[in-house]
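Everything on this sheet refers to the single structure shown next.
The values are calculated or read from the model by the stated rules, or taken from the named source; none is laboratory data. Nothing here was measured: the structure is a model prediction, and the numbers come from that model. When we count neighbours, we look across all protein chains shown, and the Cβ atoms used for this are built from the backbone with ideal geometry, even at glycine. Heads up: the accessible areas ignore ligands, DNA and RNA and are worked out on the full protein's heavy atoms, side chains in. Shrake-Rupley method; radii C 1.70, N 1.55, O 1.52, S 1.80 Å.
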Amino acid sequence: TIVAIKACTIVGYCFADSVAAALRYAGDLRLDVVNLSLFADPYLFYCGNDAAQRAIYRDLRDAAKYAQKRGVVIVAAAGNESIDLQHPELDEVSPDWPPDAAEVREVGNNCRVAPAEIPGVLAVSATGPFGIAGYSTTGMSVVGVAAPGGDYFQGVDAVQTGVLAAASSTDNDVDVGIWPFLDFLNDTAFPGLTVIDHGARYVTLTGTSMASMTVMPNSSDA
């Protein structure tokens, strides 16, 4: 049985309080495994020397612990920022809300990406045609496994190095929809990214989100 739990807004923000509530609900339902292909907005890194960030991270950690105690395996995408989580240096995207509020800041090992770096979470990096994908976040002490996530930027000039996925047949919003964005790239840069077959839509994607979904069927045995 597949259960959809809403943790993100329509424009793709997955705020920490909603992610925490989703994890607690997963625990209430005693789900076998959940996938979190996200980082909990508004921060990529939550740093222990900031009281507000420390409190938000603690809430996420406690929610994850609640779900884990009720038998939930949590699988999370490591991220697509090409960061070594064992040796982080810069956070260039936080805070991502409100818009245009981000400031480049130095980060260290007192800062953690959530949910990927929450204890007990299975963080997943992505592999491409030649090993670890160029965009994939890594970290020997953090990432538990690497799985196929594709990488059509890795020097082979073929979108077939991505992961084929079904796409929404009603996703036509240019501002927030993935189909119009990828269909535009399909026409201008990467032929083959989007395909319509008998009315059904398919897209070729790359990312640690694709990698984390790859490991999902076996994660309940982790």
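Points to keep in mind about this one:
- Linear extension gain, C8 paired with A189, 0.36 nm per residue minus alpha-carbon span: 62.2 nm
- Residues I5, I178, ordered by accessible area of protein heavy atoms at a 1.4 angstrom probe radius and largest first, appear as I178, I5.
- Ranked order, D151, D84 - accessible area, probe 1.4 Å, largest first: D84, D151
- Compactness of the stretch 44-119, expressed as Rg and Dmax over alpha-carbon positions, Å: 13.1, 39
- Per residue, in Å², the accessible surface of the stretch 1-76 once ligands and nucleic acids are set aside, probe 1.4 Å: 51 Å²
- Divided by 2.2 N^0.38 Å, where N counts the residues, the Cα radius of gyration of the chain comes to 1.02.
- For the stretch 1-107, GluC sites (Glu not before Pro) meeting the loop criterion (DSSP other than H, G, I, E, B) and having at most 16 other Cβ atoms within 10 Å: E89, E92, E103.
- Dividing the helix sum by the residues of the chain, where each DSSP H run of 4 or more adds -39500 (n - 2.57), gives a mean residue ellipticity at 222 nm of -7000 deg cm²/dmol.
- A 1.4 Å probe over all protein chains sorts S18, S136 by accessible area into S18, S136, starting with the largest.
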